Amino acid sequence: MARMGGADSSSSSSRASSSNSSSVFQNYPLISALLAFALAQSTKFFATWFKERRWDPKRLVGSGGMPSSHSATVTAVAIAVGFQDGFGSSLFAAAIVFACVVMYDAFGVRLHAGKQAEVLNQIVYELPAEHPLAETRPLRELLGHTPAQVVAGAILGISTAIISYIIKLAAS
């Protein structure tokens, strides 16, 4: 393997460090993921207002509900990585496996944990007032997602990554 000369090597490393300094703001997978998360959470926020006629700021950051922001975020990352590094790349493989684990957890473990919290809260509500646990703060029940919420989040993530990629290409 040929070694690069000193001038070539230093200009190559200065290009790399200058591209690294602005890379966070030009990181297409990161921007796609953050945008997908923001869109999913905003959808929940406005859906709560539309259904219940009240503003609930917790919906901007809370978990659970339609669509799954977890699914939207990890799917957007995976698809963006696929566009950027190739769908045959090792990084895409890791991103898609990560996305699948997160989505499985969202409608599996976390959904059932929320259902268990609902049952435990009902038990605590039915305790007599003198019971030591009667004043226990209720557990959060909206933790996971239904499969439909996970699929909707994944569709949002894929769409966000594709639209972001088209915008990125148009800007180039």
Exactly one condition in (1) over 22 Å from Val24 (Cβ atoms); (2) modelled with pLDDT of 75 or more; (3) hydrophobic (A, V, I, L, M, F, W, C) is false for Ala95; which is it? (1)
For Glu141, only one of the following conditions fails: (1) surrounded by fewer than 18 Cβ atoms within 10 Å (Cβ to Cβ); (2) in contact with a Gly (Cβ under 6 Å, 6 or more places away or on another chain); (3) modelled with pLDDT of 95 or more. What is its number? (3)
Considering only residues that are at pLDDT below 90 and in a helix (DSSP H, G or I), which ones fall in segment 158-172? Ala171
What are the residues in segment 100-122 that are of a type outside the set (Phe, Trp, Tyr) and in contact (Cβ under 8 Å) with a residue 40 or more places away in the chain, if any? Met103, Ala106, Arg110, Gly114
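The values are calculated or read from the model by the stated rules, or taken from the named source; none is laboratory data. If you're wondering where the values come from, they're calculated on a predicted model, not measured in any experiment. Cβ atoms come from the backbone with ideal geometry, glycine included; neighbour counts cover every protein chain shown.
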